[in-house]
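The values are calculated or read from the model by the stated rules, or taken from the named source; none is laboratory data. Please read all numbers here as calculations on a predicted model, not as lab measurements. All Cβ positions, glycine included, derive from the backbone under ideal geometry; neighbour counts span all protein chains shown.
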């Protein structure tokens with residue numbers, strides 16, 4: 001099953017179908033993610049919400065739906081994968097010797 005932006009109903013139904021067809025669910029690998037490369041001070045709220053919907057909420061909904069079926073069976077494993085992009089979150093170059101301050 002692949003889904004980059006699961007809805008509550010879709011993710012729950014997909015796991016129910018898998019569990020019904022196979023009688024068990026052993027593993028879930030959450031690997032969906034998007035990034036919008038803009039400085040935080042320029043990022044529109046709608047873009048932030050879209051990123052969080054896919055990266056956080058989507059992973060949570062899939063993990064919750066999968067766990068419910070895993071608990072009905074013999075258990076299972078959930079693996080959440082994050083991108084290396086997390087280490088590149090600050091895309092604005094800064095000097096290591098001069099701190100940046102916001103001006104109001």
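Kindly evaluate residue 35 against the criterion of being at pLDDT below 95 and more than 20 Å from residue 62 (Cβ to Cβ). I'd like the intermediate steps shown before the answer.
Values: at pLDDT below 95: yes; more than 20 Å from residue 62 (Cβ to Cβ): no.
No.
Filter segment 16-49 down to the residues that are touching a strand residue (DSSP E or B) at 6+ places or on another chain (Cβ under 9 Å) and over 18 Å from residue 74 (Cβ atoms), then identify the one that is surrounded by the most Cβ atoms within 10 Å (Cβ to Cβ).
Within segment 16-49, the subset touching a strand residue (DSSP E or B) at 6+ places or on another chain (Cβ under 9 Å) is 26-31.
Restricting the remaining residues to those that are over 18 Å from residue 74 (Cβ atoms) gives 29-31.
Working: 29: 12, 30: 18, 31: 13.
Among them, the one singled out is 30.
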